[in-house]
Every structure is written in C-alpha cells, then in structure tokens.
Amino acid sequence: MKAVIPAAGFGTRFLPFTKSVPKELIPVIDKPVLQYVVEEAAAAGITEILIILSEGKESIVRHFGPEPALEQRLEETGKLELLHKVRSVGQGVSIQFTYQHVLNGLGGAILCAREFVKNDPFAVLLGDNVTSGEPPVLQELLDVFRKKNVFTVAVEQVPRDRVNRYGIIDGTEEEKGVYRLRSLVEKPDPEEAPSDLAIASRYVFPAEIMDCLEQTPPGKNNEVQLTDAMRLLLERQGGCAVKVRGKRHDAGEKLSFLNTTLEFAMMREDLRAPLLKKMKELIGRYS
C-alpha cells in the first residue's frame, strides 16, 4: 500500500513563523507534525510514501534524510538515545518527494501523485493533522477499504453549528461506525447539513480517483476540489465513511495546535506532572 501526503500549502495561519519554516515542521513536543503523520502511515503497514511539496520547503526533504555530521557528533559525545531518535526518522518506509508547482488545491496536489500511484490503491493523509488513539485511524480505514472495496474516508462528529467549516457526509450506517455514502456536501449551512459527521483528513482511494480529479473542473480560487472528485467516484463505484475511534488533532490552526501540544504532552510521563503544576498555576493567575 502507498500513501500520499500533501504538504504544499503556505501555512499562512502561522505567519511570520512559516515564512522560513514549513508548517508541517512545526513541532508537537519534540517531533514535527509531519513526522507523526509518516509514523502513522508506517504503523498501518504503508511501505511507500510520496510527500507533495511546494517551492521553498526543501527543509522537509532534509528532515527525512541522513545528517552525517550531526549523527557523528552525537555518537562521539555518547548521546546514543538522541542518535537513535535522529536515525529513526522515516525508518521503515521509502519516502519520495515531488513538487506542486501550481497551488491549485488539495485535488491538484493529489493529481501530482499520478505517476507514483500508477494503478494501485493509496492512502491520503493531510500533512498538518495528527492522530492518536487505538486502533490507529489509518488502520481503521484500510480495514474497511479492504472489506468493502470502495473508497473510504474518516469522519468525526462535530458540533452542528460548525458543520459549515467541513465536508459533511450523508450516509446510512451499515454496521457500527461504518456508513455507506449517499452524498458529500462541502461546507453546508447548519440547517441544511445532512449530518454532523465531518470528513477528517484521512482517505483511502482506488487509483480511479485520479481520472475523477482530471475530469473535475477548477472551482473557487481556481482550485481542484477533492470533494467534487469524490462525488464523481461515488456515482461510479460507491464509497464508505468510518467514524473512527482514534482522535484527529488539527495542528494547522493556532488554538487547535496548542490543544494538540497539551494533549500529547499529557500522554508523556516525563512531562505530565510538571505541566499539570504549571497549568494549575496559570489557571489561578488568569481565571
């Protein structure tokens, strides 16, 4: 199984930081967001990954490549635990890179992977969203994809008054947490939304999605909308959604990024107690 990770956006929500550092390399504790995404793919059995970049994001390539001078220095100074962490970045998967020279949306980014995908099914993981929990989110999708043999998307329940921020599904629950799709609606008004289940940054597609993307005319801002191509594929082959048991964390927006960092820090025994102490202090100071 292959995976495609779009990582070409400018990250304008984090300017001026992202003027020089890709948003996908913003750290959650001590690992970049994108590294968590690659590790999720590897944990689900993915062996080949293509990361879609834009100009100026060469630091992502460097992050997943060897760093001989750093590794030598860590070995010489006896920092073997850090050496292991550095060498394990991207371990176990083959990572390739290509460029999206025209930033024409998520659909346009995925189209850049056509030669990589060929005729194989593949997963798509957005590069600024990380997940947690068991079973891994991507693994849940792959299990359903292999069982149903139609494209499969992750969904999560969102507050009804926020459905206009997401792609929303309309479907029938065939088994617990698995929905046979009827339609997909992009950012509907809350009173018109068919459900409160939002598409959640993880997908598994057959190769036929590429034909659908090529046949999808550009929409708003001259972008190729993935949701439009998914509707076309839905008409031709059907599709499923999985209400995942794992949790998605959007690290592409400031408040959500801070929440993600806190949650991941609380999962670590070396950080939990001092962080709780500091949080209590801050609550007392600012409440």
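Return yes or no: is V137 over 29 Å from S183 (Cα atoms) and assigned by TED's automatic domain parsing to the domain that holds A229? Break it down into steps so the answer makes sense when it comes.
Numbers: over 29 Å from S183 (Cα atoms): no; assigned by TED's automatic domain parsing to the domain that holds A229: yes.
No.
Quick check, is G239 under 15 Å from V153 (Cβ atoms) and touching a Phe, Trp or Tyr at 6+ places or on another chain (Cβ under 6 Å)?
Answer is yes for this residue.
Restrict the check to the stretch 245-253 and report whether at least one residue is surrounded by 13 or more Cβ atoms within 10 Å (Cβ to Cβ), closer than 18 Å to V163 by Cα and at pLDDT 95 or above.
No, the conditions are met nowhere in the stretch 245-253.
Check P27, P16, P66 and return the single one that is within 16 Å of the chain's Cα centre (by Cα) and either surrounded by fewer than 21 Cβ atoms within 10 Å (Cβ to Cβ) or among the aromatic types (F, W, Y) (or both). So that I can check it myself, show each step before the final result.
On the way: P16 fails: within 16 Å of the chain's Cα centre (by Cα); P66 fails: within 16 Å of the chain's Cα centre (by Cα).
Answer to the selection: P27.
Does any residue of the stretch 90-104 turn out to be in contact (Cβ under 8 Å) with a residue 24 or more places away in the chain and in contact with a Cys (Cβ under 7 Å, 6 or more places away or on another chain)?
yes
Do the conditions hold for D211, that is, is it outside the structural domain of M266 (by TED's automatic domain parsing), more than 23 Å from G107 (Cβ to Cβ) and in a helix (DSSP H, G or I)?
No: the conditions fail for D211.
Would you mind finding the one in E223, E214, E235 that is among the charged types (D, E, K, R), surrounded by fewer than 22 Cβ atoms within 10 Å (Cβ to Cβ) and without any contact (Cβ under 8 Å) to a residue 24 or more places away in the chain?
Working: E223 fails: without any contact (Cβ under 8 Å) to a residue 24 or more places away in the chain; E214 fails: without any contact (Cβ under 8 Å) to a residue 24 or more places away in the chain.
From the options E223, E214, E235, the qualifying one is E235.
Scan the stretch 64-122 for residues that are in a loop (DSSP other than H, G, I, E, B), of a type in the set (V, I, T) and farther than 30 Å from T152 by Cα and jot them down.
T77
Of (1) outside any loop (DSSP other than H, G, I, E, B); (2) out of contact with any Cys (no Cβ under 6 Å at 6 or more places or on another chain); (3) not aliphatic (A, V, I, L, M), S195 satisfies all except one. Which?
Of everything listed in (1) outside any loop (DSSP other than H, G, I, E, B); (2) out of contact with any Cys (no Cβ under 6 Å at 6 or more places or on another chain); (3) not aliphatic (A, V, I, L, M), S195 misses just condition (1).
The values are calculated or read from the model by the stated rules, or taken from the named source; none is laboratory data. Quantities reported herein were computed from a predicted structural model and do not represent experimental measurements. Here Cβ is always computed from backbone atoms with ideal geometry, including for glycine, and neighbour counts include all displayed protein chains.
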